[in-house]
Amino acid sequence: MAMWRGVMLDLAQARLDWIHPDHYEKGQQVDVVETKSGGEGRLSFEVDEGETALRFRLTESGRFPCIRQGKAADGVILHFGRDQSLRALHLVELKSKVGSSQWRSVKLQLQGALHNAHALLGVLGLECPKEVVCHTAYKQDALSQNPVLLKAQVGVRVEVSGDVADWISGSVEIDRRFPRLKHFRHERDAAGNARVRLSV
């Protein structure tokens with residue numbers, strides 16, 4: 001199996017030549033960058049020594065045009081372990097503010113990124129890993145700042161439903177054909193940046 005994984009990684013390395021170099025970055029640290037006015041910033045992902053991160057930049061104009069979902073999150077990251085096997089797929093979106101309408105949009109963007117990621121994996125000759133993780137980086141969290149949640153007394157159970165529950169639960173459903181996926185929220189600093197350490 002380890003030998004087969006090595007062959008698959010070699011195939012993926014060779015097939016990177018099929019993809020324009022402006023659309024990916026490879027290393028122990030990779031960055032997902034948002035350039036839109038008002039939401040500018042960078043989410044940096046680091047992996048351990050001997051591991052590799054391969055980041056693909058997705059935009060509505062820089063995605064697979066045949067994918068029906070026209071929205072796409074800002075980035076897709078493939079995380080390879082020390083044995084060079086593909087351990088995880090990470091879907092990444094940067095937002096300035098996340099309220100109910102923005103969160104619904106983020107989920108559609110993550111869905112588009114998932115569909116594009118499957119196409120990318122096919123180009124690279126790789127199978128989708130079991131671990132698929134979503135990340136949303138934000139400057140302002142307008143969902144968790146719900147006044148009902150802020151005023152709740154200690155020991156009093158507050159029923160949270162809909163978008164708020166989805167946002168704070170740690171998992172999200174972005175496509176009914178897939179199980180709920182892990183979801184991590186990352187608060188961005190005043191410059192719009194944040195760092196994430198990936199582990200397998």
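The values are calculated or read from the model by the stated rules, or taken from the named source; none is laboratory data. Being a predicted model, the structure only gives us computed values, none of them experimental. Cβ placement follows ideal geometry from the backbone for every residue including glycine, while neighbour counts extend to all protein chains displayed. For the accessible areas, the whole protein counts, side chains as well, though only heavy atoms, and no ligand, DNA or RNA atoms are used. Shrake-Rupley method; radii C 1.70, N 1.55, O 1.52, S 1.80 Å.
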Exercise. Which residues, taken from segment 91-130, are farther than 19 Å from ASP175 by Cβ and assigned to a strand (DSSP E or B)?
Worked result: LEU94, LYS95, SER96, LYS97, VAL98
Exercise. Here are some conditions: (1) of a type in the set (A, V, I, L, M); (2) under 21 Å from GLY112 (Cβ atoms); (3) modelled with pLDDT of 85 or more. VAL47 meets all but one. Which one does it not meet?
Worked result: (2)
Exercise. Among the residues of segment 159-200, how many are in a loop (DSSP other than H, G, I, E, B), hydrophobic (A, V, I, L, M, F, W, C) and over 14 Å from the mean Cα position of the chain (by Cα)?
Worked result: 5
Problem set entry | Counted residues, segment 162-174 - those being of a type in the set (Asp, Glu) and closer than 15 Å to HIS90 by Cα | 1
Problem set entry | Count of segment 175-200 residues which are open to solvent by less than 20 Å² (accessible area, probe 1.4 Å) and in contact with a Gly (Cβ under 9 Å, 6 or more places away or on another chain) | 4
Exercise. In segment 86-98, which residues are open to solvent by 10 Å² or more (accessible area, probe 1.4 Å) and more than 13 Å from LEU58 (Cβ to Cβ)?
Worked result: LEU86, ARG87, LYS95, SER96, LYS97
For this session: Kindly list the number of the only condition in (1) under 21 Å from LEU198 (Cα atoms); (2) at pLDDT 90 or above; (3) among the hydrophobic types (A, V, I, L, M, F, W, C) that fails for ALA73.
Result: (2)
